[in-house]
Structures are given as C-alpha cells and as structure tokens.
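The block underneath contains the structure these notes are about, expressed in structure tokens.
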Amino acid sequence: LDPMAYMTGLYQAGKLDELKAEAKKIIVDPTYRYFDFETEFNETGYRLLNRKNLEPATFLFELNTELFPASANAWDSLGEAHWAAGHTAKAIEFYQKAVQLDPNGSVGDNARRMQERIRSGEKRE
C-alpha cells in the first residue's frame, strides 16, 4: 500500500479526522520504518503552496507539525504557508517556534530571515 496515495484519498474524500488518525498510526508502523513521512508531507505541502493551493498546503504543514512537533523545518514550512495566506502574525509565531527548535542551525537562520522580511512588509510571492 502506498501510504501517501492512501492519505491523499482520505483528504480528497474530506475525511480529515480519519486522515489525522491514520497518519498517526502509519508513521509508527514498522512496515514503513524507512519511509520519510516528514519529508514527504513537507514536499507535498510545498508543491501545493507553489500552485497557490493554500488551504490543503496549510493543512498538510499543520499535520506535519502535529506528527513531528520537534521538527524546526515543519514549523518553518507552516510559517511560510501562513505568510503566503497573508496571516503574518501566525507566520511570525510559527517561524519563532522554528527558531526555538533550531536556534543555531540553518532552519533557525532561515526562520529569522523570514521574520525580518515579514516585518519589513515584504509579501511572499
């Protein structure tokens, strides 16, 4: 079974609660121990974001932060989705969470740069 295709089907059917429950089970299933769910969710979210599909992208990034709450990258991506949607206060909040999780790393550095861009009034393209 392709876990991403399965979860995509649940999303398309509007079964969001079931999708969240299934995702929580699948990511700890030993069958998929070599499947990088965090990266898959993030890459799919960016594909959607780049196509201006903000609602599904934001949902995916939020799910990624629920499943991987210690991932600075997941929070950084959620910040970007909110920035794209014009929710600058939320974007800054999520970027700050990324900074807290990775204060001296590249994700934290990126999140700080993004916060400055938002504060300067720049819009995400």
For this session: Determine the share of the chain's accessible area contributed by carbon and sulfur atoms, expressed in whole percent, with a 1.4 angstrom probe.
Result: 50 percent
For this session: Could you please state, rounded to a whole Å, how far the C-alpha centre of the range 33-60 is from the C-alpha centre of the range 64-117?
Result: 15 Å
For this session: Compute the length gained on full extension between Met4 and Glu93: take 0.36 nm times their separation in residues and subtract their Cα-Cα distance, giving the result in nm to one decimal.
Result: 29.2 nm
Problem set entry | Accessible surface, per residue, of the chain when the full set of protein chains is kept, probe 1.4 Å, Å² | 57 Å²
Seminar exercise, completed: Here the gain from full extension of Ile27 to Asp109, 0.36 nm per residue of separation minus their alpha-carbon distance, amounts to 26.7 nm
For this session: Taking a cut-off of 21 Å between Cα atoms, list the lysines near Lys24, but don't count ones fewer than 8 places away on the same chain.
Result: Lys15
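The values are calculated or read from the model by the stated rules, or taken from the named source; none is laboratory data. Computed from a prediction, not measured in an experiment: that's the story for all the values here. Just so you know, the surface numbers come from the protein's heavy atoms only, side chains and all, with ligands and any DNA or RNA stripped out. Shrake-Rupley method; radii C 1.70, N 1.55, O 1.52, S 1.80 Å.
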